[in-house]
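This report concerns only the one structure given below.
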Amino acid sequence: QEVRTVRFDRLVSVRETLHVNNITEEEKGNYWYCKEDFMDMKKESQATVDWIDNGQQQKKKPKNQSCRGLEFRTRAGSRKRHLNKLNGLAAVLDEQELQFFRGIKCEVKLANVYQRISAECQ
């Protein structure tokens, strides 16, 4: 399993920004996503999911779209995600029951049990 680390650069740069209260409505409209933007993104993502679900045989891949991060939006991915959640829940409940009968409470052990099950989902 890959060990994840966080690193900090020796050179730090700071960029000043305006506080949200100091931004005009026009600037907010230019900088921030609105409901329509989110709806458009969702439609585009759904087109990619449909393309994946149909075995990538249906028409060309949607323009300017990446499959990355959409795996669990597909039918197969959704089933896998659901099973992963159930397996994680079952593992934690089993560990809680074991700890109960042993008369102990160890949150670290519970976390480790869940981590082992959910590691493949990361």
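Of note:
- Close lysine pairs were tallied over the chain: pairs 8 or more places apart or on different chains with Cα atoms under 15 Å apart number 4.
- This model, with +1 at the C-beta of Lys and Arg and -1 at the C-beta of Asp and Glu, gives region 1-51 a dipole about its Cα centre of some 380 debye.
- Charge tally in the Cβ shell below 13 Å around F101, where Lys, Arg are +1 and Asp, Glu are -1, F101 excluded: -1
- The computed Cα extents along the principal axes in Å for the structure shown corresponds, within (i) 59, 32, 25; (ii) 63, 34, 29; (iii) 62, 47, 30, to (iii).
- Computed magnitude of the charge dipole of the chain (debye, nearest 20; Cβ of K, R +1, Cβ of D, E -1): 540
- When each of the peptides 84-91, 35-42 is scored by how many other beta carbons lie within 10 Å of its residues on average, the order from highest to lowest is 84-91, 35-42.
- Phi to ³J(HN,Hα) by Karplus 6.51 cos²θ - 1.76 cosθ + 1.60 over region 81-94, Hz, x for Gly, Pro: 4, 4, 5, 4, 5, 5, 5, x, 4, 4, 5, 5, 5, 4
- Heavy-atom surface of the chain, accessible at 1.4 Å and reported per residue (Å²): 94
- Computed 3J(HN,Hα) for region 36-45, one whole-Hz value per residue from the Karplus formula 6.51 cos²θ - 1.76 cosθ + 1.60 where θ = phi - 60°, is 5, 4, 5, 5, 4, 4, 5, 4, 5, 5, glycine and proline marked x.
- Cβ-Cβ distance of S66 and E120, R₀ of 22 Å, FRET efficiency by 1/(1 + (r/R0)^6): the value works out to about 0.50.
- For the chain: relative contact order, % (alpha-carbon pairs under 8 angstrom, 6 or more apart): 16
- Per atom type, the chain shows carbon and sulfur on 52% of its accessible surface, probed at 1.4 Å.
The values are calculated or read from the model by the stated rules, or taken from the named source; none is laboratory data. In this text the structure is predicted, and so the values were computed from the model without any measurement. No Cβ is skipped: glycine too gets one built from the backbone with ideal geometry, and neighbour counts run over all protein chains shown. Remember, those area values only see protein heavy atoms, side chains included, never the ligands or the DNA or RNA. Shrake-Rupley method; radii C 1.70, N 1.55, O 1.52, S 1.80 Å.
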